[in-house]
Every structure is written in structure tokens, then in C-alpha cells.
């Protein structure tokens, strides 16, 4: 049996999200609801979604809509029927009754529930139907969250479960973890517990919500949202319902039960409409002060709001041991939270899973944690943990580790998949070279460079690692969420503050030299991006020999937003690609004008399908839907290209002043319509100068080195202006552009 058609019943957030991702995989899907109009509105939401749920808008053609009265016959030839209706058991049982009457033999049926046990969902089914029924718990947003928990019982047909796992891994790109029928499964059981511990400990220790979010965030390898802001994002009312479900389903003596009643302020917030971002606000809210939006934070004691305060812990990288050993309230808070998460998680092994690292992987894939509780324990060190922790009685997992008196306990990563992932392969490394910004993993026949800065922003050390790793074929890949958000502007601004522009120029020259070296190295260079691949990150991709790209990327040269031009070869490389088009062969100004439009507007692509028309990706690329496959595919490409030869250096013929005048006309129109202001005009002129070739004409030939020089000159000229510096400072502070 193969899954060729899917029917989804229920077009809410999860139903429509699953439908959209099936469309991405080119699987025909029918979305049914009470009324066709409801399903049609869901279709419209999919098309308008931000971030986009579709790789490209044309993928929506794989979706049909209907209602459960007139169009239920679609179930008859569906291979997989997914129930995603409201979490009310009587409604679900009625839907299952209809499905079981209409479905074809051997089809798979699943529920997307996150709260109702499988045994309750299937209690009215006979044994034959139970074999084909399971829970497929997707995480929201479905396109972007890697985790899929398949919950099954012993009564299930294991072949069906394997079929579903294989389909969801290969076609939908999910990290599929098989779970038993326990409350909250794996991800939510630990993830929600962690949120509640983080919240209750913060209140107990009188931390402000900003302080708690600053600790329970990047310093712990957890997304910067923190805990209180995450509550707002999910919905305070929804989180309240989740806790009620846990209270009902968890064993009475489970440690989580102490946290299921929530926090008194929660009910006050819900009663007054403060349900989070979808309501009037929550623990945070946006308020208008003097006609300007101001983020305000709640004082839990007084139930009043004041301007949110940024808390800087002076932590650049994750180091749990340093964090928990801090001699301040933040160190104490971190220890209380981390230790309780570790103790609770370990107490559930083997009850909820025999593979403790499945819990880690569930939190990585479903909550975007950099490491799960058992990896945290390994990172802290067993000796350090047992010295600091108190009673671990009645916790066989921890008692066993303590009695063994060992230093390391963690075994293989990512056991849920047979794919030779980056996480697995790193364990077999021959040698590691490390600097402050990147790591080189050296193997017998290839090297890997993995960036390790915040958002993998690039600096001198990042370039140094790339430069040193090309003694063998090189794969540039990261386990973290982003490939690279671009050049580290904080790094650049430290020099600017000292008026040390020579050091910035030295760095940009080294950036250019490194990217040129990657492109023309005797050894093959492959980039394997996922997540943000912007600015300098995109320039690394543009000058790699081959790109194996995950479907979830954001690509673009966005330097103009901060008042700069791409200076690591981005202008040069994108221009070269456009000069190879048929249109450029007939019109010498076509390519410069096209690239002027792309870079000037800082256009971005949110998938490889969107990136290809902009030539952010050329023909030398492959697209992978399962992120775990990035490394295997990159390695396979190395094997297939053992006789690799670097490309021939490119030469440009540009019309100089001729095309620059056309670009100036575009800038004048934008300026007169107030779409750009004074500094936007200056940035635009510098970009025009680079892309036109400077002082040249069509009778002259320009080398790549000359193009690099033009990029560098414009970059430095702009960086030395107050208005570009103001843009950079504003963006670093607010994550929003400044138009000046």
C-alpha cells in the first residue's frame, strides 16, 4: 500500500497546516469541514500565511475542499484519513463512526490530538479497526516544526505504523518518533512541564518576567522567546486547557500534578481578555505612548504594566556549567529549573520511553531546544550534577548513573531515524579544530565546518575556519536553527565605536578572500543550508560549488536594510548569474538592472522554489525536504564528483554610466514618491555604482577582483556615515529597519 491521497477532517489551524504541508509534498489532499465555506476560508488562510505554509503558492493546486455532508465520499478512496476536529471526544467518536463505514480496507486513520489518550479515542472501535488507527501528533506550524509523534498501542498493525513513519519521514520531512499512549506523549510531557517549572520558580524567586525569559532562553539553548513570552504566543487560555488535561490524565503521584493548577494570575488575565498575542496582550502587551508602540511587561505582584526592560546576562554562547555556577539569582534560577527538568525527565524512563534520547530529540524537533534534558546532564557533567543536586531516591535512572561512577553516559544521537545525520556523524570525528566562532570536524575523506555563534553570524574566526578546512572536500552545515543570519554586525560595530575602520576593512577583505577561495578551491565546497541564509550567509552559498538546501530556508542579500551593500562577493556573484541569462545576452543592461532591483529591495525567498527565479540558487543545487538528509546528500555529491575541477574565473562587461543613469531614474521615482528618503538615495547610488561597474564601459573587461574592490569601497564609504550606523544600531536594538 502507498499513500497517494489524504483526507483531512477539520480545517482549523492544525488541519489546514497539515493539508498545506501535504500540498508541499505534492500529495493530493481533500480538506473537509462542516461547511465548504469554512474549508475554503482555511485555504485562503494558507495562501496568506506568514511565515508561508507553502513552499510556493502554486502548491495549493494539490488541495480540494468540501464538507462532511456532501463530500464525505472522498474518504472511500483515501489511503490516509486524518481527524483534526475540536478536542471533544463525543464529536470525534461520531466522526470515526462515519469514517469506518466509508473507508476502504487497509486505509490508515489517525487523530492529531495532543491531549486525548489513544485508548479513549479508540474505545468504540472493534479490534480490526483499532489495528489501523493511531495518533499522528504534528506540531505547529507544521511546515517548520520537525517533530511528528506517532502514538500507537500493542493492538496496532506494526506494518501500518512503519508505513506511516516511512511516508512522513521521506515525503513530509518529519523527525518521526514512535510513542506509547502516555499523557502528553514525549514532547509536551516534558516541554510543558519545563514551562511550568520555569514560571513557578521565577515567581517563587521574585524574578521579573523579563529576567526569567532572559535566562530560560538562549543561555539555556532554548529559543529566545523564553517562558512568559511563549505563553503569550501559544495563548494563555489554551495553556490553561492543556494543564487541565494533564491534571485529568496524569497519575495522582506524578510530580507534574503539583504544577497543573497553574498560577493565580492566569485566571485574572483570561477573565479580562489578556489571553496573549491573540488577545489584548498577556504577560507582555503592546501599548501606545506618545503615538509610538511600546512593549510593556506585567508585574505579577501588582498586576500592572510598565515598559519592558532588556536584561543582558552577558552570555554569548551556551555554557550550562558556567550558567548554573553563577553566583547570582540568575545562576540559582537556572539551576533550579534545569535540575528539576533533568530529574523529572529521568524519572519517566522507561515508563514513557525506553530510549531516553528520544525525549531529547522530541524537545529539539518540537520545541527547538538546542539540547534536551539528558544532553544537559551530559553537558553539566555527572559529577557536577550529583554534587549540586539533592535527593534522587526513587529515580532509578539517576541512581544507576551515580552508582556506576562514570564520567560520560550519552550514547547514539537520533535513534529514531536510520539516516546518518550530522548529529550521529560528529560522534565518529577523527579530529576537531575549534575557534570562538566555528568548529572543523575532520574525517578521513572530507571536512565539516559548523558555525556556533548567535544565529551563526559571521566574523573573522568564521572565515578562518572556512579557509583552513579546504584541504579536503568541505561541507558547510549546522545543526542549529539557522545557516547564517549574515555578518556579525555587533562585531563590526565594536570597531566602529572605536573609529577603527581599518580593522573592519581588513575583515571584509578577508571575507572576500575566503569566499573567493571557497569558489576556486581545488577541493569541492558544498553548503547545506537550513533556516536563515541572509547577507553574508547567502554570499557563502553563492560562492560554494554546490548547495544542498533544506526546503525551509530564508535566502537573500538584505544589506541595504541596514544602509550597506553586499561586500563579500554577493553583488558580483548574483550579477554574474544574471549575465548568463538569455535576456542579458541581448541587453547588456538587463542583468545590472535586475540585480539592482533584487538587492535594492532586499528581496528574500522563503523556499528554494522561490529562490531559484531570483538566482539565489543556480542549477548546481539539490532540494531536501527532510533536514536530516542534508549531510548524506552532500556526502553523496562528493562521492559522485571525485574528479571535481573548480570553475573558470568570470569576467564582466558593464556599461558604467549608461546603466547607472537608468538606475538613478529608478531611485528618483522612489525618492519622489517618498518610498526612500535621503539615506536610501545614498545607499541606492552606491549599489548602482557597484553593479554598473564603476568607471567603465562596454569596451572594457572587469575582473572579479575589481568587482570585490568596488563592493568594498562602497561598503566602507557607507559604514563611515552616521545614518548607516544609526540604521545598524536601530536594527540590532529593535530587530526592525530604520528608514532615514
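Please list, ordered by residue number, the strands (runs of 3 or more DSSP E) wholly in segment 497-611 having 3 or more residues that are under 21 Å from residue 470 (Cα atoms).
In segment 497-611, the matching strands (runs of 3 or more DSSP E) lie at 525-528, 546-550.
Could we say that residue 463 is out of contact with any strand residue (DSSP E or B) (no Cβ under 8 Å at 6 or more places or on another chain), surrounded by 14 or more Cβ atoms within 10 Å (Cβ to Cβ) and under 30 Å from residue 517 (Cβ atoms) here?
So residue 463 fits the description; yes.
Output the number of residues of segment 725-740 satisfying the condition of being within 29 Å of the chain's Cα centre (by Cα) and under 17 Å from residue 681 (Cβ atoms).
So the count comes out to 5.
Within segment 169-194, which residues are out of contact with any helix residue (DSSP H, G or I) (no Cβ under 7 Å at 6 or more places or on another chain) and part of a helix (DSSP H, G or I)?
Result: 169, 170, 188, 189.
Mind counting the residues in segment 189-238 that are at positive phi and under 21 Å from the mean Cα position of the chain (by Cα)?
Summing the residues that are at positive phi and under 21 Å from the mean Cα position of the chain (by Cα) in segment 189-238 gives 3.
Residue 421 passes all but one of (1) under 22 Å from residue 628 (Cα atoms); (2) modelled with pLDDT under 95; which number fails?
Of (1) under 22 Å from residue 628 (Cα atoms); (2) modelled with pLDDT under 95, only one is false for residue 421: (2).
Considering only segment 475-488, I want to know if a residue exists there that is assigned to a helix (DSSP H, G or I) and touching a residue at least 12 places away in the same chain (Cβ under 8 Å).
Scanning segment 475-488, I find no residue that is assigned to a helix (DSSP H, G or I) and touching a residue at least 12 places away in the same chain (Cβ under 8 Å), so the answer is no.
Determine whether residue 161 is closer than 20 Å to residue 187 by Cβ and assigned to a helix (DSSP H, G or I).
Considered against the rule, which asks whether it is closer than 20 Å to residue 187 by Cβ and assigned to a helix (DSSP H, G or I), residue 161 comes out as yes.
Filter segment 380-405 down to residues that are outside any loop (DSSP other than H, G, I, E, B) and in contact (Cβ under 8 Å) with a residue 60 or more places away in the chain and give me whichever is surrounded by the fewest Cβ atoms within 10 Å (Cβ to Cβ).
The extreme case among them is 388.
Answer yes or no: is there a residue in segment 191-207 that is at pLDDT 95 or above and in contact with a strand residue (DSSP E or B) (Cβ under 9 Å, 6 or more places away or on another chain).
no
For segment 647-656, name all the residues that are touching a strand residue (DSSP E or B) at 6+ places or on another chain (Cβ under 9 Å) and assigned to a loop (DSSP other than H, G, I, E, B).
Correct list: 649, 650, 653, 654.
Would you point out which residue out of 560, 606, 581 is under 21 Å from residue 457 (Cα atoms) and surrounded by fewer than 21 Cβ atoms within 10 Å (Cβ to Cβ)?
606
Would you confirm, using the coordinates I've provided, whether residue 217 is in the same structural domain as residue 328 (by TED's automatic domain parsing), surrounded by fewer than 23 Cβ atoms within 10 Å (Cβ to Cβ) and either within 30 Å of residue 19 (Cβ to Cβ) or without any contact (Cβ under 8 Å) to a residue 24 or more places away in the chain (or both)?
Yes.
Looking at 427, 509, which one is at pLDDT 95 or above and in the same structural domain as residue 536 (by TED's automatic domain parsing)?
Details: 427 fails: at pLDDT 95 or above.
Selected residue: 509, the only one of 427, 509 that is at pLDDT 95 or above and in the same structural domain as residue 536 (by TED's automatic domain parsing).
Can you give me the number of residues within segment 569-589 that are closer than 22 Å to residue 649 by Cβ and touching a helix residue (DSSP H, G or I) at 6+ places or on another chain (Cβ under 6 Å)?
Qualifying residue count, segment 569-589: 10.
Inside segment 310-344, can you point out the residues that are over 26 Å from the mean Cα position of the chain (by Cα) and part of a loop (DSSP other than H, G, I, E, B)?
325, 326, 327, 328
Are there any pairs with C-beta distances below 7 angstrom linking a residue in segment 292-314 that is farther than 14 Å from residue 207 by Cα to a residue that is assigned to a loop (DSSP other than H, G, I, E, B), with the two at least 6 apart or on different chains, and if so which?
Sorted first by the residue in segment 292-314, then by its partner, the pairs are 295/308; 296/308.
Filter segment 345-363 for residues that are surrounded by fewer than 24 Cβ atoms within 10 Å (Cβ to Cβ) and assigned to a helix (DSSP H, G or I) and give the result.
346, 347, 356, 357, 358
The values are calculated or read from the model by the stated rules, or taken from the named source; none is laboratory data. Quantities reported herein were computed from a predicted structural model and do not represent experimental measurements. Counting neighbours? That spans all protein chains shown, and the Cβs are built from the backbone with ideal geometry, glycine included.
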